[in-house]
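Trainee: Input: one structure, supplied below.
The values are calculated or read from the model by the stated rules, or taken from the named source; none is laboratory data. The structure presented is a predicted model; accordingly, all values stated were derived computationally and were not measured. Quick reminder, even Gly has a Cβ in these numbers, built from the backbone with ideal geometry, and neighbours come from all protein chains shown.
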Amino acid sequence: MSTHRPQFSPISGMLQMYAADASRRRPVAHRALHDSIAWNDACGDEPAQSVLQNTLHSACAVIGAQQGFVLLLSNDSTLEVACAQNLHPTLLLDLVLGKASRALHHALTDHTPGLAGVDGALLKPCADGERPSPSIIAMPIEIDPLHRGALCLFSGEPPRTLSTLDLEILGALSEQASLAMRAANQHSALNRLAASLRAFTPQPA
């Protein structure tokens, strides 16, 4: 795969290195951070990757966001970045572990949108008739019993006030991302099954 187009990135090792370094308050070399990411296509499925990229782009357009990413979490605690828009890996990690962490945690564990202010603190539920103005938006993505994720967006300044329709559209786009990942997982499982069958099938002399 070409190295100039980052796609699906397992970052669990990078997260551990980053967290350990942050605790010592010493900067990690920029190149070391970048090289610690193994960029791969999402499940090796090009159509699914294209859908995810287009979905992220559309979600950013809904609220006028310039930056965003799709984060996936497996039951083995592996975090993966499926795709990102206008975010360098180092900045992306700063956001995942910093300002976006509370909104992401809310989306991944409560399965409801996580809305946070510019400081990363979760916004309190709005009273009837009021509309939130979050700087960070994390929409849950339900994939299967072993995988879940979040579509995370960063609003411009000042943050745009979200309408009910905005949240409905973002929810529909999150479901679109979910369908793409389910299809990619099924395609990958079928490929593994076919490979296993070929391995056990006697070959003609």
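Trainee: Output the residues belonging to region 116-138 that are in contact with a Cys (Cβ under 8 Å, 6 or more places away or on another chain), part of a strand (DSSP E or B) and not β-branched (Val, Ile, Thr).
Mentor: Ala138
Trainee: Let me ask something else. Kindly indicate whether Leu146 is under 16 Å from the mean Cα position of the chain (by Cα), aliphatic (A, V, I, L, M), modelled with pLDDT of 70 or more and surrounded by fewer than 15 Cβ atoms within 10 Å (Cβ to Cβ).
Mentor: yes
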